[in-house]
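Taking it in order: structure first as structure tokens, then the write-up.
Nothing in this text is a laboratory measurement; each read-out follows from the coordinates by a stated rule. Note that this is a predicted model, so its numbers are computed, not measured. Because the Cβ atoms are built from the backbone with ideal geometry, glycine has one as well, and the counts that use them run over all protein chains shown.
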Amino acid sequence: MSEIKVNSIKGVGASVAAISIDNANGSCTANITNNLSNRNLIINGAMQVAQRGTSFSAVQNTFTLDRFKFKRESTAANFTMSQSTISPDGFSKSLKVDCTAADNSTAHNEFVMVRYNIEAQDLQHLGYGTSAAKPLVLSFYVRSSLTGTYGVNLLQIDNSNKIYSRTYTINSADTWERKTISIPADTSGVINHDNGVGLQINFSLVIGSSYKGSAVSSAWETYTNSNFASQHGVNFASSTSNDLYLTGVQLEVDQNGSGVATDFEHRSFAQELALCQRYFQQIGAVGQDGTYGIAPGYLYNSGNNVAFGYIMPVMMRTSPTITNGSTYLQIETGSMQTDINSYNFVETIFPSTFISISGVLHTDSGNNNQIVVVTNGPTNGLATLSAEL
């Protein structure tokens, strides 16, 4: 019987082995660039889910497309953030940032960025704070009318308050480019096993001098303002002609330390929506009459209050807050509707998918213990539940 004994198998001209072999036990490690499921730590990286809407003007400290937040501080510039159909091959959506009011002088304390937070308990396999800590690779597709050097960083919020800050360059205007950033393992910074922020990613657009005085990171380092966006070079607020598109955001374990990003992991829309709903969800579903049915309830306090229970489609990260929208009470006969002016949680069973809610009505609408249906009015927007990081 013939045998072939090799240390590795490498493509002609390749710098990284496709297959590496352990001479001691004969096991092998393959550098596979696709078909690995559950490797992307980013939810909605393809920008498909937009529960809050598809366009947001005058954004400042605002969640826009699901899981992505816009942060703006001090600058006189203004921006619109939206879901765009301009996208690279293999994608149908992107997040667009458009400068709508320019500011050509960046003060030292100004910043504008797109932010993403990752739940800490989803990062335990990284082994941070141990000798077995794993390196990461961040990859994304970006396109902008403004070429130049942009800052991007990762922050460890827990315990160590550490930062890894790098740059990438947009080389050609209005052209999709895929960027890859290697992130070293951190053997000293522990990520807590909880539902708080474990890692934060910031894509810088406008950065004042107080936040970019240091050199880019060569390893995880103690956070200071000056290393937040090290060597960021552009002022995205310089012109209302400036726009930027982002999609295909992926953060994954660097399996063999090669710094090579795998193909973007596309999940179904249903999977992506369910993952997003852990942090934010709309209450109710559209009915045939154009209203949004939520749950059965009953009146009490001489018909001035309503109580009802709501079953959420997925368990949320923490006890949610009712936000956004005007919810209506509708008696089952359909003969009357009235606003619910305010809400509070009678009981929030967490972790659970069931919450009990009471509301104060706009007008006296019935008798005690009268059974009603709680709906969302078709012209007043959906009520929502938020448990965002």
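Cross-linked pairs Lys96/Lys179; Lys69/Lys179; Lys10/Lys162: Cα-Cα separations exceed 25 Å for Lys10/Lys162.
By the scheme Lys and Arg +1, Asp and Glu -1, what is the net charge of all other residues having a beta-carbon under 13 Å from that of Gly196? So the environment of Gly196 carries a net charge of -4. Considering segment 188-253 at the alpha-carbon level, its Rg and Dmax are found to be 14.9, 44 Å.
For segment 44-89, the normalised intensity computed at q = 0.25, 0.27, 0.31, 0.32 Å⁻¹ comes to -0.92, -1.01, -1.19, -1.23 (log10 of I(q)/I(0), Debye sum over alpha carbons, equal scatterers, no solvent).
Charge dipole (Cα centre; +1 on Lys/Arg Cβ, -1 on Asp/Glu Cβ; no other charges) of the chain amounts to roughly 640 debye. Run a plain Debye calculation on the chain (Cα atoms as equal point scatterers, no solvent) and give log10 I(q)/I(0) at q = 0.11, 0.13 Å⁻¹, rounded to two decimals, same order as the q list. Listed by q, the Debye log ratios stand at -0.88, -1.11.
Reported to two decimal places, what Rg/Rh ratio describes segment 55-275 when computed on Cα atoms with Rh from the Kirkwood expression? Before the final figure, lay out the partial values.
On the way: Rg = 16.9 Å, Rh = 17.9 Å.
With Rg and the Kirkwood Rh in hand, the quotient comes to 0.95.
Estimated purely from DSSP H runs of n ≥ 4, each contributing -39500 (n - 2.57), the mean residue ellipticity at 222 nm for the chain is -500 deg cm²/dmol once divided by its residues.
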